[in-house]
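Worksheet: the structure to be examined is printed underneath.
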Amino acid sequence: MNRYQRLNINEREEISRQIAVGVSIRQIAKYVQRSPSTISREINRTDVVKRIYYRAIFAQQRYRRTLHQIHKSRKLDKNPELREIVFHYLSKKWSPEQIAKRLKILYPDNMVMQVSHETIYSYLYVLPRGILKEEILSCLRRRHPHRRHQNKLSRRNSGAIQDYLSIEERPAEVANRIVPGHWEGDLLMGSRNASSLGTLVERTTRMAFVVKLPNQDAMTVRKAFAKEFCRLPKGLKKTLTYDQGYEMAQHKLFTKETEITVYFAHPHSPWERGTNENTNALLRQYFPKGTDFSKITLNRIKDVQNELNDRPRKTLNWLTPHEKFSQLLQ
């Protein structure tokens, strides 16, 4: 279905001519390939007593005045400073809701520097077509990303994990997210599953670490994850919940090196690691499916990690993971 477009001056002139010779609304609609309701509304907007007085030039002038008033009254048009801040955070891939809530924290007593997420959305979608609009809209998250094909679940041998602890044995404190130090992990797969990134996210603060991996064998993953965790204080590394991918086959040695107990989710149950699944979905904004991670530099990966951790989250009362995690380090 084609997107609806406003009547243009040529269509309005045709309506005027057809009215002048007594053509019905339905016949006019058929001639200009518009719906009868569109034609009827257009004529009624002119506020004339009889439709024979409809004139295209006056209708077009009325439309332009209305459009000008709409743009003139928009808060982001009237406040360049606010608009610049909104565009800055959009470029960081923040959602309009995250921006709106964050502005309330940054400017609690200044309503001029606050804006609702509905206003941001409406402003973006009335921007004239062009490079700016395309760039800004491309920063918005996809609402309905496709699910991974079932055959991709076999990308890692899930039957090779031996002597592991099931998620059913995990302490109850992990589920309520009150006690920090409990993590979830996974791999973000690249093109043809030939490359990957390791992703680790703390369940309470949503703090995420993105780990560059030269390959996906168990020893490489164990060493890379252990190196990432070694920088944290002991109180912030208690458990790690993982799926049954073969890259975590050395979980016993990993626990010995890090003192982090690893619990394994049930096969094909991504909801048991929902925080990590959501984090991976956010990372896909930066690294879409088909990305060759072997060509992505470590600096770029860490830049993305920082951007992700600097996004305000609704579940954190619009604080960022960095801010929540820093509170734990104090």
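For the range 19-26, the Karplus equation 6.51 cos²θ - 1.76 cosθ + 1.60, evaluated at θ = phi - 60°, returns couplings of 4, 4, 9, x, 6, 6, 4, 5 Hz by residue, with Gly and Pro reported as x. Within the same chain, lysines fewer than 8 places from Lys252 are excluded, and of the rest, those with a Cα less than 29 Å from its Cα are Lys152, Lys212, Lys223, Lys227, Lys234, Lys237, Lys238, Lys302. A DSSP coil position with no more than 13 other Cβ atoms inside 10 Å describes the following GluC sites (Glu not before Pro) in the range 216-324: Glu259. Tally Lys/Arg at +1 and Asp/Glu at -1 over every other residue whose Cβ is under 11 Å from the Cβ of Ala265; what's the total? That works out to -4.
Local charge for His117 was computed over the other residues whose Cβ lies under 10 Å away, with Lys and Arg +1 and Asp and Glu -1, and equals -1.
For Ile105 and Ser37, a Förster radius of 51 Å and the Cβ-Cβ distance give a FRET efficiency of 0.70, rounded to the nearest 0.05.
FYI, it's all coordinate maths here, none of it is from the lab. Just so you know, these numbers come straight off a predicted model, no measurement behind them. FYI the Cβ positions are ideal-geometry reconstructions off the backbone, even for glycines, and counts take in every protein chain you see.
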